Amino acid sequence: MSEKIQIHKVEVVNQGERIILPERMTLDQAIQALQLQKEQQEEIVAIQEVIDTYPSDGAHALMLALQKKYGWTRLIPTPDFFGPIPPTMVGVAVSATETVQVPWGRMQVPGIDGFLETDTRRENGRLVFVLGGQVKRKHEKEVKEIADLTRQFARTHSIYRGKAIRVNFSSPHPQIPAPEPKFMDLSNVREEDLVFPRNVERAIRASIWNPIEKANLCRREDIRVPLKRGVLLAGPYGVGKTLAANVTAKKAERNGWTFIYADVEELEDAVRFALQYGPAVIFAEDLDRIVGPDRTDKVNDILNIVDGIESKNAELLIVLTTNHVEEIHPAMLRPGRLDAVIRVNPPDADAAVRLVRLYGRGLIDENEDLSEVGRALAGQIPAVIREAVERAKLYQMSEMQEGDELRLTASALLGAAEDMAEQLQLLQPKAKDPRSDLEKLGDIIGKRIAGGIVAARDRGVDLDALAAENGVYEPRAVAAGK
C-alpha cells in the first residue's frame, strides 16, 4: 500500500528563481499542494470594498486610481449572455465650469479575470461609495490595491472638500443613485459689496468668519468651541443675508473649509454630508419654514440635528437664517444649539452712506457730504438704496451738456431719495385688523344703519316720531354720530 500523502498548509510566494519546499515535504506533496493552490486561485470570489466618501467623489477617485495603476482609463466590455456590455462613463462636475467622465456600474479591468462594479450604500446614515464585483481569487490582492488607491485619491484629490457647493438631497444624479452636488460660481462675489451696520458686521465676523479664517489659531490654542457652532441670522427680507452666504462661501474656499448650501428641510442630510468633508459650513435659509412657536416633533428633530451627537467634536458651523425670529421656538435659541442670534437690521445712516458710495462706483466726490442722504435712506433695504443711486444718475443727467462728465451730488441723491418716499410707503406692511369676523360684520351693519338714519334726517324724516313709533333707537344720538 502506497503511503498517504499529507498536504501541508503552505503559502506560495513568487520570489527569486528557485523553488524552495518546506522541510520534510516530498515532491509529490509539493505537486499536490501546488495543484490545490492553483484550483483555489481560479475560484470566483465576491469583492466589496466600502470607501467612506460621497459616491460621485468615489467614482472620480476610482478613475484616478485606474489611471495611476494602469496608465490609462480604458475599460473593456463585460461579457453577458446577450452580448458584451460596454462600460458606462458618466459626467461628474468637478467645478462650476468643468465636467469629467468617470466609470459607473459594471466594468472589466484589463488583466483581471471577472468584473468590478460601483455602487452606493448608507453607512452611519450617510451615502458612501462601494467598489464591489466578482473576480478570481488570484486577483484579490490587485483589487485591494485599487480600492486602497481609490481611498488615497478620495482623501487627497476630493472634488468636494474645501469647495462651495449646493446640494439638493431629493434630486438624484441621472445615472448615479445619489444626489449630485452643484458647484457655486463665486467669481463675481465681492466682500466689499456686503455692507451692514457696524455692530452687525462685528457680530458676523466674530461668530462666522473668525472661526473660518482663524481656525489654526483656535486649534493651536485648543479653543474648540468656535469651530462647532450654530448661528442664526435674523432679519427682514432684502437686508443681505443671502449675500452674506456667498461671501462666507468664498472665505470658506479660501481657507480650506467645505461650504454646503442646503435646503433647511434637508438639514440632517447636510450634516451627514458635512461630516465626510469637514471642516465645513452649512448654510440654510428660512428656518421658520420648519420651526414654529410650538414644541413639535419637527422642532425636536431640528434641535437634535443641531445638537448632533455625531457632530459634537466636528469642526462644523451651521448658519441658519429667518425673516421671522419671533416665530421660532425659544428652545431653539439657547446657546449650545444656536450659540449666536444676530439681528441683521436694515442699514442705518452710516451704512446707507457706505452703500450709496458703493453703488455710485466712483461717481461721487470723496469730499461730498452725504450725511443728510444717509439719514433720508436709513432703514431702507440695499435694493432701495441702489435704486435711489440709479435714479439720482438719471436726475443728474438732466443738468448735463454733451461732453460733461457724470458726477453725483448730494442734492441729486437726496432728491432721488425724497421722490421715492411714496413708492417706499407702498412697501410698508399693512397693519392687520385684530377683530374677529363677527366684530367686523357688526361694524359694517352698524355703519349701514347709522348711514340710513342720517340720510333719513337729511330728507326731512321726523326721527322723533319714527322713534316713538318703533322704540328701537335714539335718532338724535345716531344723527349726532354718537
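Yes or no, residue by residue, for (1) aliphatic (A, V, I, L, M); (2) under 22 Å from the mean Cα position of the chain (by Cα); (3) in a helix (DSSP H, G or I):
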residue: Pro177; (1), (2), (3): no, yes, no
residue: Ser187; (1), (2), (3): no, yes, no
residue: Glu192; (1), (2), (3): no, no, yes
residue: Phe196; (1), (2), (3): no, no, no
residue: Asn199; (1), (2), (3): no, no, yes
residue: Arg202; (1), (2), (3): no, no, yes
residue: Ser207; (1), (2), (3): no, yes, yes
residue: Asn210; (1), (2), (3): no, yes, yes
residue: Leu217; (1), (2), (3): yes, no, yes
Single match in Arg407, Arg386 (criterion: more than 27 Å from Ala244 (Cβ to Cβ), in contact (Cβ under 8 Å) with a residue 24 or more places away in the chain and surrounded by 12 or more Cβ atoms within 10 Å (Cβ to Cβ)): Arg407
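Look through Val291, Val306, Val225 and report the one residue that is in contact with a Gly (Cβ under 6 Å, 6 or more places away or on another chain), modelled with pLDDT under 90 and of a type in the set (Val, Ile, Thr).
Numbers: Val291 fails: in contact with a Gly (Cβ under 6 Å, 6 or more places away or on another chain); Val225 fails: in contact with a Gly (Cβ under 6 Å, 6 or more places away or on another chain).
One residue alone meets the criteria, Val306.
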Kindly check whether there is at least one residue in the stretch 31-53 that is surrounded by 15 or more Cβ atoms within 10 Å (Cβ to Cβ), at pLDDT below 80 and of a type in the set (A, V, I, L, M). yes
So, in the stretch 234-261, how many residues would count as being closer than 17 Å to Glu285 by Cβ and under 17 Å from the mean Cα position of the chain (by Cα)? 14
Subset of the stretch 69-104 (residues that are modelled with pLDDT of 85 or more and assigned to a loop (DSSP other than H, G, I, E, B)): Val94, Ser95, Ala96, Thr97, Glu98
Residue tally, condition free of Cβ contacts under 8 Å to residues at least 60 places away in the same chain and in a helix (DSSP H, G or I), over the stretch 364-383: 7
Which one of the conditions (1) outside any loop (DSSP other than H, G, I, E, B); (2) farther than 21 Å from Ile328 by Cβ does Thr242 fail to meet, given that it meets all the rest? (2)
Which members of the stretch 319-368 meet the condition of being surrounded by 16 or more Cβ atoms within 10 Å (Cβ to Cβ), of a type in the set (Lys, Arg) and closer than 25 Å to Asn210 by Cα? Arg337, Arg354
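The values are calculated or read from the model by the stated rules, or taken from the named source; none is laboratory data. What you see is a predicted model; the values in this text were computed from it and never measured. Here the Cβ is made from the backbone with ideal geometry for all residues, glycine too, and neighbour counts use every protein chain on show.
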